[in-house]
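Shown next, in structure tokens, is the structure this report addresses.
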Amino acid sequence: MTTPTKMYLEIVKKIRAIIVADGLKAGDKIPSERELSDRLNVGRSSVREALRALELLGLIETRRGEGTFIKDFKEHHLVELLGTFILEQDKTKNDLLETKLEIEKSCIQLFMKKASVTDYENLREMLSAPTSRTELFKAIVTIVDNSLMLRIWTLVNSYARIITEDNMIESGVLEELLEAMREKQAEQVIKLYEKHFTEIVDKK
């Protein structure tokens, strides 16, 4: 027998599947409550509850007289809300920062493995202005064009920014890091970044 909670989760998953199948993105209108009910073969009240939960989470918004639309993930505060619950213990915070460091080292290594001369030029151009750690790694993973790595790093970084500031990287440190990356000095690159990362974590 399907429990109410399981039914609710199944409907949310199926609505998500419809959004993907229809190729909808932030700003697009999703099917009406009646259409979702017909496509999912469930009652409209169940669909209404699932949509209400998604709206409370800030994932969709209903505009009177227009319909229901997908919101941009960056606009809502789900990560911050969840973070207040899961980042209470010091060990959890330390585990998060450790995971973030390992992912970012992997990002650097992936970039050195795949990047072309043009990619390095593009990276330098993107980082010509004062640069934060978030800007650095978003640029690195974007240029490498690994969408899964970008999604994983974005999520981990979003949680990490709840407990640490997104500090700027000193121009000298950044230049040294980029030069070592260009020269494929993997060990030196990792050592430089670990030193920078540790200094930032110590300030949290």
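The values are calculated or read from the model by the stated rules, or taken from the named source; none is laboratory data. Quick caveat, the model's predicted, so the values are computed rather than measured. In this analysis, Cβ positions are derived from the backbone assuming ideal geometry, glycine residues included, and neighbour counts consider all displayed protein chains. Calculation scope for accessible area: heavy atoms of the full protein, side chains included, ligands and nucleic acids excluded. Shrake-Rupley method; radii C 1.70, N 1.55, O 1.52, S 1.80 Å.
Quick look at the numbers
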quantity	calculated
Output for segment 30-44, where each listed residue is hydroxyl-bearing (Ser, Thr, Tyr) and either open to solvent by 70 Å² or more (accessible area, probe 1.4 Å) or touching a residue at least 24 places away in the same chain (Cβ under 8 Å) (or both)	32
Selected residue (only one of 105, 93, 113 is modelled with pLDDT of 85 or more and open to solvent by 50 Å² or more (accessible area, probe 1.4 Å))	113
Members of segment 139-149 that are assigned to a helix (DSSP H, G or I), surrounded by fewer than 14 Cβ atoms within 10 Å (Cβ to Cβ) and not hydroxyl-bearing (Ser, Thr, Tyr)	148
Search result, residues across segment 170-183 that are farther than 14 Å from residue 107 by Cα and either touching a residue at least 40 places away in the same chain (Cβ under 8 Å) or open to solvent by less than 10 Å² (accessible area, probe 1.4 Å) (or both)	171, 174, 180, 182
Residue 136 within 18 Å of the chain's Cα centre (by Cα) and open to solvent by less than 20 Å² (accessible area, probe 1.4 Å)	yes
Enumeration of residues in segment 17-34 that are in contact with a helix residue (DSSP H, G or I) (Cβ under 9 Å, 6 or more places away or on another chain) and either outside any loop (DSSP other than H, G, I, E, B) or at positive phi (or both)	18, 33, 34
Residue count for segment 46-56, restricted to those that are without any contact (Cβ under 8 Å) to a residue 40 or more places away in the chain and open to solvent by 70 Å² or more (accessible area, probe 1.4 Å)	4
Any hit, segment 89-108, residues being free of Cβ contacts under 8 Å to residues at least 40 places away in the same chain, among the acidic types (Asp, Glu) and assigned to a loop (DSSP other than H, G, I, E, B)	no
Residue 119 vs. criteria open to solvent by less than 80 Å² (accessible area, probe 1.4 Å), not in a helix (DSSP H, G or I) and not small (Gly, Ala, Ser)	no
Meets criteria (open to solvent by 70 Å² or more (accessible area, probe 1.4 Å), more than 20 Å from residue 182 (Cα to Cα) and of a type outside the set (S, T, N, Q)) for residue 152	yes
Residue within segment 70-83 that is at pLDDT 80 or above and within 19 Å of residue 17 (Cα to Cα) present	yes
Filter result for residue 126 (open to solvent by 70 Å² or more (accessible area, probe 1.4 Å) and in contact with a strand residue (DSSP E or B) (Cβ under 9 Å, 6 or more places away or on another chain))	no
